[in-house]
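Data block below; observations after.
The values are calculated or read from the model by the stated rules, or taken from the named source; none is laboratory data. Quantities reported herein were computed from a predicted structural model and do not represent experimental measurements. Don't worry about glycine lacking a Cβ; one is built from the backbone with ideal geometry, like all the others, and counts go over all protein chains shown.
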Ligand SMILES: Cc1cc2nc3c(=O)[nH]c(=O)nc-3n(C[C@H](O)[C@H](O)[C@H](O)COP(=O)(O)OP(=O)(O)OC[C@H]3O[C@@H](n4cnc5c(N)ncnc54)[C@H](O)[C@@H]3O)c2cc1C
């Protein structure tokens, strides 16, 4: 078995962008590990367009976007192991892998990039009352059945959750001949992108009911219908609001969870809000030499930002491998979410290593009309930008300049303010 300088776990858009960038930064000894039999991650089943607008100024389908990076990786001397799963990551950065050809084997690279993506929150996490008939799918499973396997999972559909995958599947199921009765969203706002609400629901006259949930599923062998109820501000079902909607299929689009079992095994600190690793502005986790990027770090709205973030992790990993990444870790400045903000990424600045400017990513925790986005270094406002509307479905980005931050700063706070 070859020795590797850099092991990248996951061959989705994050892993591929990281591999290409790390190679271009002078790391030649790279291994990408992918458990699937193809590269590209979840984009392989996203056959709709809308990918790459930021990066390539073109509207690509998911597989087309992935293919651009697969080509780039293939053109370089990057080792890729498919049908290979990483079973364990240890604190000393050793990785335990398994595949059919080699059985179980171990590699101890100089650096690791975590790029394992995320998975969907299942029905079990929701405690939906009712029986357990066939016909309940996660939206991503239905997406794979329709777009890759060529099956239509049902003909009369109710979708729970207005995250992007649910919205995309409302349109897909309609185009494939199914009737989508409605999308029910427990929150008073959607977790999806505005453009997806317009293009996937409004354009097809699919109703979206806010503050509504499934309070019961009816059916013995197959779903026969669902009970939809209104919820109050505490998300509790309001008695007497129940309505029965006949359907044979329920699709769940109720959130994504970063795949961080390996991360936790390596005792890497996890952020309670993002459910991804707690990282510095260099995207280094709490274990020296282990970096993270893409959906495993925090759930992204656009894959273009996944690629950009992964390249940033690759630049940091390359510096670490070449011994150019010097930190005493003594000047850590916390980056925290203030009023109206649900999380920030990164969670802290490694001031000594910080670039002249960095991008802070965050999401707001509600829909807000006309607010000022502000970043404070302790009590001093160092960045501000007005926005006409803010919604949790869209990731926000603000540039932070090192020259604006005093080295003695204790805390950076990102918050919303009234205009
Ligand atoms: C079901 C679903 C549908 C989506 N649809 C859209 C959409 O329509 N539009 C959009 O913009 N975004 C969509 N997204 C978001 C999309 O996932 C991201 O934009 C992007 O694909 C994230 O890239 P990634 O590389 O971080 O993760 P992924 O694309 O998920 O890639 C992660 C890769 O890591 C591999 N992996 C994980 N664990 C291991 C392990 N232990 N060993 C080896 N390999 C491992 C996985 O097999 C996978 O190939 C969707 C996400 C999901 C889950």
Practice prompt. Select from segment 76-117 the residues that are touching a helix residue (DSSP H, G or I) at 6+ places or on another chain (Cβ under 9 Å), in a loop (DSSP other than H, G, I, E, B) and within 19 Å of residue 22 (Cβ to Cβ) and list them in ascending order.
Written response: 76, 77, 78, 109, 110, 115, 116, 117
Worksheet entry | Of residues in segment 165-190 being over 24 Å from residue 257 (Cα atoms) and out of contact with any strand residue (DSSP E or B) (no Cβ under 9 Å at 6 or more places or on another chain), the one surrounded by the most Cβ atoms within 10 Å (Cβ to Cβ) | 176
Worksheet item: Counting just the residues of segment 25-44 that are near the ligand (Cβ under 8 Å from one of its atoms) and assigned to a helix (DSSP H, G or I), which one comes out surrounded by the most Cβ atoms within 10 Å (Cβ to Cβ)?
Response: 41
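Condition check ((1) buried (at least 17 other Cβ atoms within 10 Å of the Cβ); (2) free of Cβ contacts under 8 Å to residues at least 60 places away in the same chain; (3) over 26 Å from the mean Cα position of the chain (by Cα)) across all residues:
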{"site": "369", "(1), (2), (3)": "no, yes, no"}
{"site": "373", "(1), (2), (3)": "yes, yes, no"}
{"site": "392", "(1), (2), (3)": "yes, no, no"}
{"site": "395", "(1), (2), (3)": "yes, no, no"}
{"site": "399", "(1), (2), (3)": "no, yes, no"}
{"site": "405", "(1), (2), (3)": "yes, no, yes"}
{"site": "414", "(1), (2), (3)": "yes, no, no"}
Practice prompt. Give segment 91-112 a look and list any residue that's surrounded by 15 or more Cβ atoms within 10 Å (Cβ to Cβ), within 15 Å of residue 264 (Cα to Cα) and more than 14 Å from the ligand (Cβ to nearest atom), or say none.
Written response: 93, 94
Practice prompt. Name, by its number, the condition in (1) at negative phi; (2) surrounded by 23 or more Cβ atoms within 10 Å (Cβ to Cβ); (3) near the ligand (Cβ under 10 Å from one of its atoms) that does not hold for residue 19.
Written response: (3)
Worksheet, complete the sentence: Per the list (1) crowded, with 21+ Cβ neighbours inside 10 Å; (2) in contact with a strand residue (DSSP E or B) (Cβ under 6 Å, 6 or more places away or on another chain), residue check on residue 61 breaks on (1)
Worksheet entry | Cross-chain or 6+ apart pairs with Cβ under 6 Å, segment 36-63 first and within 17 Å of residue 171 (Cβ to Cβ), then in a helix (DSSP H, G or I) and more than 7 Å from the ligand (Cβ to nearest atom) | 45/144; 45/147; 45/148; 47/147; 51/65
Item to complete: Sort through 303, 341 and tell me the only one that's in contact (Cβ under 8 Å) with a residue 24 or more places away in the chain and in contact with a helix residue (DSSP H, G or I) (Cβ under 7 Å, 6 or more places away or on another chain).
Response: 303
Worksheet, complete the sentence: Only one of (1) modelled with pLDDT of 95 or more; (2) in a strand (DSSP E or B); (3) farther than 20 Å from residue 260 by Cα does not apply to residue 22, and that is (2)
Fill in: Every residue from segment 330-355 that is in a loop (DSSP other than H, G, I, E, B), at pLDDT below 95 and either closer than 17 Å to residue 276 by Cα or touching a strand residue (DSSP E or B) at 6+ places or on another chain (Cβ under 7 Å) (or both)
351
Worksheet item: Only one of 211, 131, 162 is within 29 Å of residue 258 (Cβ to Cβ), more than 16 Å from the ligand (Cβ to nearest atom) and in contact with a strand residue (DSSP E or B) (Cβ under 8 Å, 6 or more places away or on another chain); which?
Response: 211
